[in-house]
Amino acid sequence: MRPVPALAVCLGLSVLLAPRLAAATEYFVAQHSPACSDAGPGTEAEPWCTVQTAANAMVAGDTVWVAEGVYRESVTPASSGLPDSPIRYAAMAGQKVVLSGADEITGWKPCTAAECPEVPTPASVYYAELDWTPNQLFEQGERLEQARMPDDDYWLAEGGGTTTLVDSQHLCADCLPGLTQTDQTWVGATLVFWKHDMGIHSFRTVVGFDVAQHTLTLDDVIYSDWVVAGGEDTYYLQNHLALLDQPGEWVSADSLTPKRVFLWPKAGVDPNTLLVEGSRRESLRHRVWHPGLP
């Protein structure tokens, strides 16, 4: 019996291929089926395991029916649909399908003062070892903030050059509560720079810090021949363990071997009891196919 379509996604790419003469084909994907195999025929009895396998096979007019599950993959169609003969991706009737660009992160371990000396409150923080770098982190489906300072605003730069920034109000030994700054404090942090008169953001890595001169040195020019405009341009610092100071924040440490991601869970509990995901496939939008919705 043919399933009832719950939601169809029509893909019409810029390069149109000629429609085939054969009748349109229906394929099936069911990752939890014991009979699934990406080397199989993609039939209802022998479905494929991944949506990408269907995307590789389908041409104009074809439909793939996807069974319930979270499919953690990026999907790139090999062929294009036509205005009157689309390629359709549809959830099976009564089932919910999620196509996700994120992977689950497991194996969290509690931080200790010895292992995480830069973290202000190590007893509240956990870490996991990865062989990839997450772009975003989600806890129970909610996006978390990458640790930053200030938390909700920008600091005003006093001046600088094309690769330096000066701020005596915030970049000094004892000007931030609970943090004693040294020449190593901000090395490795990301500086997010806002060029006020042009309305452009720039992201650079801090490679040097002179606490006596209140000066950050960056890994590259901020942009072209820009010079920091004192009293106008603003910035904030992010993705550094010294900034991990409240629930719902995280830091990615690529300089460690193996790489680590650090998390202060928003729920305040062991993240091994939570669903924690990290986005991995930038080109994929998180898509949910809800049965019965238009």
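No value in this document is a laboratory result; all are computed from the given coordinates. Nothing here was measured: the structure is a model prediction, and the numbers come from that model. Cβ sites come from the backbone with ideal geometry, for glycine too, and all protein chains shown count toward neighbours.
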Amide H neighbours of residue 111 at under 5 Å, excluding residues fewer than 5 places away on the same chain, with H built from the backbone geometry, are 125, 126, 127
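Kindly put 71, 154, 89 in sequence by how many other C-beta atoms sit within 10 Å of each C-beta, fewest to most.
Values: 71 19, 154 14, 89 26.
Fewest-to-most Cβ neighbours within 10 Å comes out as 154, 71, 89.
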Report the equivalent ellipsoid semi-axes for the range 148-238 in whole Å, largest first, defined as the square roots of five times the eigenvalues of the gyration tensor built from alpha carbon atoms. 19, 14, 12
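Can you sort 198, 58, 92 by how many other beta carbons sit within 10 Å, fewest first? Write out the running numbers ahead of the final one.
Numbers: 198 11, 58 24, 92 21.
Fewest to most other Cβ atoms nearby, the residues stand as 198, 92, 58.
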Give me the distance in nm between label points sitting 7 Å out from Cα along the Cα-to-Cβ direction at residue 151 and residue 104, one decimal. 3.1
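At 0.692 mPa s and 37 °C, plugging the Kirkwood radius over alpha-carbon pairs of the chain into Stokes-Einstein gives what diffusion coefficient in µm²/s? Before the final figure, lay out each step's value.
On the way: Rh = 22.3 Å.
D, rounded to a whole number, is 147 µm²/s.
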Gaussian network model of the chain, Cα springs within a sub-10 Å range: biggest mean-square fluctuation belongs to which of 45, 30, 157? 45
In Å, what is the Rg of the alpha-carbon atoms in the range 160-294, and how long is Dmax? 18.6, 63
For residue 259, list long-range residues whose amide hydrogen, built 1.01 Å from N in the peptide plane, is under 5 Å from its own amide hydrogen. 130
Assigned charges on the beta-carbon of Lys, Arg, Asp, Glu; the chain dipole about Cα centre (debye): 1260
The residues 175, 36, sorted from fewest to most surrounding Cβ atoms within 10 Å, come out as 175, 36
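Compute the signed sum of charges (Lys and Arg +1, Asp and Glu -1) over the other residues within less than 9 Å, Cβ to Cβ, of residue 214.
-3
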